[in-house]
Amino acid sequence: MQDRAAKTRRQLIRSAAQVFDRGGFAGSSIGQICALARVSQGALHFHFRNKHAVGEAVESTAAEILRCVVGPVPVWHPAPLQLLVDTSHALARRVARDPVLRAGFGLALDPAWPGGASPWQHWREWVRGVLRLARRQGTLASGVDLEGAVSAITAVTAGLDGLGRGPARARSAPSMAPFWRLVLPQLATEAVRGRIEPAGSATAVELAAGRAREEPPLGRRRLDGWVTDACAVMTDGELCRLPKVVSGK
């Protein structure tokens, strides 16, 4: 019974995300969400007191998915700016195909939504943390305005929400590579500038390709010495975090 209730709740969250994604919060109704989820309104109200509570669940679930995608800011990393680039590509791919994450970002930009656990704040803090790490490790150019760089990167990725919309069969992840080709020469020191791949590192690209071919089982694992996690937020059974060093050299 508990498994069935949990499955219904996840189904309602995903259906609500799809409805919010299409029509915005104000343009969506409990009836539309229930129809898409194929459950009664009574079933919805068993889990959520009203539409606002459903929106809060979508936003908080999106924030959990984002935390799974980006992981913690590492205390050390062999290439923090490459990590930032790779993670931005991973986020673009996930936003394009995950209605819950896309709706979570979208609600924060929706004038009808009062706000809550916005994933934008977490993404901004993560970007700031990785840039600070790059500065400590001596790979961030000395003249970089850290807060200005955080704002620029966040502003560009904010466009992923809109670019990820459209018919599902036509939707694809917007490329962050042109942005990084433009920004990296000003962001990175000369010593590491030529070693950063704007389109994503080989490890990240191979991992993404592996995700497309198969869905690995849930659970913690190691991949070529890198620690990874499986994201079980919506029980997709997919590996959603890029490999990254989280402690020690």
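The values are calculated or read from the model by the stated rules, or taken from the named source; none is laboratory data. Only a predicted model underlies this, so the values are computations on that prediction, with no experimental measurement involved. Positions of Cβ are backbone-derived with ideal geometry, glycine not excepted, and every protein chain shown enters the neighbour counts. When the accessible area is computed, the model is the full protein with side chains, heavy atoms only, and any ligands, DNA or RNA have been set aside. Shrake-Rupley method; radii C 1.70, N 1.55, O 1.52, S 1.80 Å.
Miscellaneous remarks
- Residue 69 meets the stated requirement of being within 30 Å of residue 188 (Cβ to Cβ), open to solvent by less than 30 Å² (accessible area, probe 1.4 Å) and of a type in the set (A, V, I, L, M).
- Leading residue by the ranking (least open to solvent (accessible area, probe 1.4 Å)) among those in segment 37-50 that are part of a helix (DSSP H, G or I) and farther than 18 Å from residue 101 by Cα: 44
- Boolean, residue 126 is of a type in the set (Phe, Trp, Tyr), touching a residue at least 12 places away in the same chain (Cβ under 8 Å) and either outside any helix (DSSP H, G or I) or open to solvent by 20 Å² or more (accessible area, probe 1.4 Å) (or both): no
- Within segment 78-103, if we keep just the residues that are open to solvent by 10 Å² or more (accessible area, probe 1.4 Å) and under 23 Å from residue 193 (Cβ atoms), the residue that is nearest to the chain's Cα centre (by Cα) turns out to be 89.
- Filter result for residue 60 (part of a helix (DSSP H, G or I), polar (S, T, N, Q) and within 22 Å of residue 125 (Cα to Cα)): yes
- Condition check for residue 49: modelled with pLDDT of 95 or more, in contact with a His (Cβ under 6 Å, 6 or more places away or on another chain) and farther than 30 Å from residue 177 by Cα: no
- Residue in segment 46-66 that is aliphatic (A, V, I, L, M), in contact with a strand residue (DSSP E or B) (Cβ under 9 Å, 6 or more places away or on another chain) and farther than 30 Å from residue 191 by Cβ present: yes
- Whichever residue in segment 104-123 is loosely packed, with under 15 Cβ neighbours inside 10 Å and not in a helix (DSSP H, G or I) and, among such residues, is modelled with the lowest pLDDT: 115
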